[in-house]
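Reviewing the structure listed below.
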Amino acid sequence: MRSYYIHTYGCQMNGYDSERIAATLESAGMFSAASPDEAELVILNTCSVREKPQHKVESHVGKLRQNQINAGLPLKIGIMGCVAQQEGDNFLKRFPYVDFVLGTDNIDMLPYALNEIASGKRLSETAMYGDGKFHILPFERKDSVSAYVTIMKGCDNFCSYCVVPYVRGREKSRSQREILDEVKRAVHSGVKEIVLLGQNVNSYGKGIPDETGFAGLLRSVAETDGVCRVRFVTSHPKDFSEEIVRIMAYHPNICPCIHMPLQSGSDEILKKMNRGYTYSGYRDKIVAAKEILPDILFSSDFILGFPGETDEDFEHTFDAVREIEYEMIFAFKYSVRPGTKAELFKDNVPDEVKTARLQRLIEAQERIISKRYEKMIGAKLRVLADGVSKRGGNVYTGRTEHNRVMNFRSDSPVKQGLIVDVRLTEVKRNSLYGELNK
């Protein structure tokens, strides 16, 4: 096998894992194909947080098999990520044309898997690390202005709807030294923005006596030479602290935007979800953060139609979105995940009700954002340039400090990785438009 193609589903952590997978394959002498039709090995790096992505994976496997038959060419298929962890040997049994299945802790086994399938064998490995630490071997990154860096994995919160503790395991942290070494290598390769990843970054370092907590790590990354911007996801509300915000306020290269999922504005639903906080407690943390750092903005996740969610419960969620005025929301209809506590709950909210609630929430959020940015027309925004826009010509693209896509015109070339001042001129549904401020 010489050529590979990776299709990534799900969160930023899966994106980071796909970078590691690609680096491993290329160190073995393989190269990236432009499409799965041109590849000898296709890897699906999967997500099982919601029902829809898992169904997409299974459908995708079937299409790959059909393409394999139609083309009459050999094709090896590998399944990695959360669905692989969840299904394990079952995937090999259900799909006899899948060659290997590697779980979330088994990326380093990929060279061994390649050797096994080259000799005609099939492989499934989903063993997870048993101790409180985990390690990531150094790998070569593709040229990029921004880089993900996983600082921890797993979760100990066991929200009633969530499969993460089962497919990513319990919380495990990398050492600060290992993380900072990776940050320095990324900066040396030209990266300007570091995005720290974890299912709950607030839990970083717990159970490891020699490590600082997340606040200390955040400070160290921000003070690393060459790091122009720092972001992090995700923060669980129940253990989010003011110390993090104070460090953000002290270090201007930490972007003033925090992803802190609320999931529901109803205390009754939050209790059923086992989230560990109330809406008023969540709101108080946001108010306190804004007193320390006035320009801070928040983004959030929401689940609509959780079992037992009444019209009144939804109205609490709707009111929360309007009160907090998020910079972004990511909202989804509830779908039951096997093995979770919520699987035992009666999913009694009709799909058409879930859809209506989802649409109403999204429309409310769009009005909030339109109103906010229309008031800012003419304002100067700091944008990290990421190169020429798909429009080409003298239109460039980048992201603001609050992680908004910004397309902007410039009469002179703008080098990737520069932070430039852009005057906001127009607001559209999915992006902002502007002109380079001279």
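Coordinate-derived values only; no laboratory data. Bear in mind that the values here come from a model prediction, so they are computed numbers and not experimental data. Neighbour counts are summed over all protein chains in view; Cβ atoms, including those assigned to glycine, are modelled from backbone coordinates with ideal geometry.
The table below lists the values:
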quantity	calculated
Within segment 391-438, chymotrypsin sites (Phe, Trp or Tyr not before Pro) in DSSP loop having at most 13 other beta-carbon neighbours inside 10 Å	none
All-pairs alpha carbon distance profile, segment 1-143, 5 Å steps from 0, percent	2, 10, 20, 25, 23, 13, 5, 1, 0, 0
Partner aspartates and glutamates for residue 341 [C-alpha distance under 17 Å; skip if fewer than 8 residues away on the same chain]	51, 156, 268, 309
Hits among lysines - C-alpha to C-alpha of residue 76 under 22 Å, sequence gap 8 or more where chains match	56, 63, 93, 121
Cα-centred dipole magnitude for segment 3-125, charges only on beta-carbon of K, R (+1) and D, E (-1), debye, nearest 20	420
From the C-alpha gyration tensor of the chain, square roots of 5λ in Å	34, 28, 23
Subset of 184/206; 206/271; 184/415; 206/285; 142/371; 52/346 violating a 27 Å alpha-carbon distance limit	142/371
Of 173, 300, 389, the one that fluctuates the most in a GNM where the chain has Cα springs shorter than 10 Å	389
Residue range of the chain that is longest and free of GluC sites (Glu not before Pro) which are both DSSP loop and sparsely packed (at most 15 other C-beta within 10 Å)	326-438
Order of 30, 406 under a 10 Å beta carbon neighbour criterion, fewest first	30, 406
Rel. contact order, % - alpha carbon contacts under 8 angstrom, at least six apart, the chain	10
Scattering profile of segment 380-436 at q = 0.21, 0.28 Å⁻¹ [log10 I(q)/I(0), Debye over alpha-carbon scatterers]	-0.65, -1.21
For segment 331-380 and segment 114-174, distance of Cα centres in Å	29
